[in-house]
Amino acid sequence: MTSQVEELKAKANAAFSSGKNDEAISLYSQAIALDDKNHVLYSNRSAAYAKSNKYEEALQDAEKCISVKPDFVKGYSRKGAALSFLKRFDEAITVYEEGLKIDPSNQQLLTDLETARKDASGPSAGGLNFFSDPQFLTQLMTNPRARELLKDPETAMLMKMMQQNPNNPSLLSNPKIMKLLGIVLGFELGD
């Protein structure tokens, strides 16, 4: 990878981490123009698109990521997440199962698969009820980054509020809640 691509990727990762999704998308796009065989760039741009509620674009990048590197498990996580956001749960389930053929013990894919199955069969398909799901909370507590974030009293309070009212728009746009959600849904950036 060229130093220019690495530099663009680092800037994009920083923008993404700061919630500047449009800037991140632009920087990832510039890097992809220089290195269109870099699966991590597609994976990361897919995450940025998803955080910007551009799920079709997130899906396209996840598919490109998988086509460039079919054994990159995070690509399947990205594709499944995009499909889930599009409420295409049956397709998401298939994608998660494909990823698990590559890495059968991948905890992210196992959790995402179970969530997609619940969403596919539940009356509230597509809702954010998983904030009150004990398994979601267990996953948060077993993830070191999420556990560290929850040590902050404000973040812990926001999480409790989210459990009580998962569709509160002000909570859904809160960067701390989005960061927790990103960790659990696999929107953390790759290396």
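The values are calculated or read from the model by the stated rules, or taken from the named source; none is laboratory data. Just so it is clear, the model here is predicted, and its values are computed rather than measured. Cβ: placed from backbone, ideal geometry, glycine included. Neighbour counts: every protein chain shown.
Summed over segment 52-94, the residues that are out of contact with any helix residue (DSSP H, G or I) (no Cβ under 7 Å at 6 or more places or on another chain) and of a type in the set (Lys, Arg) give a count of 3.
Screening ASN13 against (1) closer than 25 Å to ASP119 by Cα; (2) part of a helix (DSSP H, G or I) leaves a single unmet condition, (1).
Elements of the type helices (runs of 4 or more DSSP H) sitting completely within segment 73-129 and holding at least 1 residues that are at pLDDT below 90 and under 22 Å from GLN164 (Cα atoms): these cover 107-121.
Being of a type outside the set (Gly, Ala, Ser) and part of a loop (DSSP other than H, G, I, E, B) is a condition met by no residue of segment 58-68. Go through the residues of segment 23-36 one by one and say whether even a single one is hydrophobic (A, V, I, L, M, F, W, C) and touching a Gly at 6+ places or on another chain (Cβ under 8 Å). The answer is no; no qualifying residue exists. Could you tell me which of the residues ALA92, ALA82, ALA58, ALA62 is closer than 27 Å to LEU27 by Cβ, out of contact with any Phe, Trp or Tyr (no Cβ under 7 Å at 6 or more places or on another chain), crowded, with 24+ Cβ neighbours inside 10 Å and among the hydrophobic types (A, V, I, L, M, F, W, C)? So the residue among ALA92, ALA82, ALA58, ALA62 that is closer than 27 Å to LEU27 by Cβ, out of contact with any Phe, Trp or Tyr (no Cβ under 7 Å at 6 or more places or on another chain), crowded, with 24+ Cβ neighbours inside 10 Å and among the hydrophobic types (A, V, I, L, M, F, W, C) is ALA62.
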